[in-house]
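The values are calculated or read from the model by the stated rules, or taken from the named source; none is laboratory data. Just so we're clear, the structure is a prediction, and the values are computed from it rather than from any experiment. Ideal geometry is used to build each Cβ from the backbone, glycine not excepted, and the neighbour counts take in all protein chains shown. Ligands, DNA and RNA are excluded from the accessible area calculation, which covers all protein heavy atoms including side chains. Shrake-Rupley method; radii C 1.70, N 1.55, O 1.52, S 1.80 Å.
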Amino acid sequence: QVQLVESGGGLVQAGGSLRLSCAASGRTFSSYTMGWFRRAPGKEREFVAAISSSGGRIYYTDTAKGRFTISRDNARNTVYLQMNELKPEDTAVYYCAGARSGVSTTSTLYDYWGQGTQVTVSS
């Protein structure tokens with residue numbers, strides 16, 4: 001069993017930055033694909049970014065490309081999401097997730113989920 005705990009959310013003005021962290025329990029973190037998803041008010045959960053177990057493969061949704069950076073530190077059992085140039089439409093609850101399978105943008109393929117961290121971007 002893997003437990004995931006997100007942190008780093010908050011309130012930021014448009015154009016600002018935040019760095020989300022997701023700390024994982026367990027000794028198998030380095031074997032998991034890790035992803036970030038988000039759910040905005042009144043919307044479906046959507047994929048944001050994913051990184052393979054080794055960090056060699058990374059995917060972003062189009063809205064995140066060029067602004068967000070996903071990374072991981074397997075020695076610290078932590079995955080990060082650096083978010084720059086934030087926009088009001090980035091306001092959402094952000095979730096990290098872990099998958100035993102390969103890199104995927106599909107939420108149903110992820111096995112473990114954190115409780116989420118709120119990101120609010122004011123205009």
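Give the longest segment of the chain that steers clear of GluC sites (Glu not before Pro) in DSSP loops with at most 13 neighbouring Cβ atoms within 10 Å, not counting the sites themselves.
The reported range is 1-43.
How much length is gained on full extension from residue 11 to residue 87, taking 0.36 nm per residue of separation minus their Cα-Cα distance?
Value of the extension gain: 26.2 nm.
Relative contact order, percent, of the chain when contacts are C-alpha pairs under 8 Å separated by at least 6 residues?
36 percent
Students sometimes get this wrong: rank 62, 73 by accessible area, probe 1.4 Å, all chains present, largest first.
62, 73
Please give the FRET efficiency for residue 69 paired with residue 123, using the beta carbon to beta carbon distance and R0 = 25 Å, rounded to the nearest 0.05.
For R0 = 25 Å, the calculated efficiency reads 0.60.
Give me the Debye-computed log₁₀ of I(q)/I(0) at q = 0.13, 0.28 Å⁻¹ for segment 55-123, equal point scatterers on Cα only, no solvent, two decimals.
-0.42, -1.55
For residue 108, what charge total do you get from the other residues with a beta carbon under 15 Å from its beta carbon, if Lys and Arg give +1 and Asp and Glu give -1?
Taking every other residue near residue 108 into account, the sum is 0.
Could you tell me which residue out of 20, 115, 56 lies farthest along the dipole of the chain toward its positive end? Charges go on the beta carbon: Lys and Arg +1, Asp and Glu -1, centred on the Cα centre.
Going by the charge dipole, the pick is 56.
In segment 1-98, what trypsin sites (Lys or Arg not before Pro) fall in a loop by DSSP, with at most 14 other Cβ atoms inside 10 Å?
27, 43, 57, 65, 76
What's the carbon and sulfur percent of the chain's accessible surface, probe 1.4 angstrom, rounded to a whole number?
Of the solvent-accessible surface of the chain, carbon and sulfur hold 45 percent.
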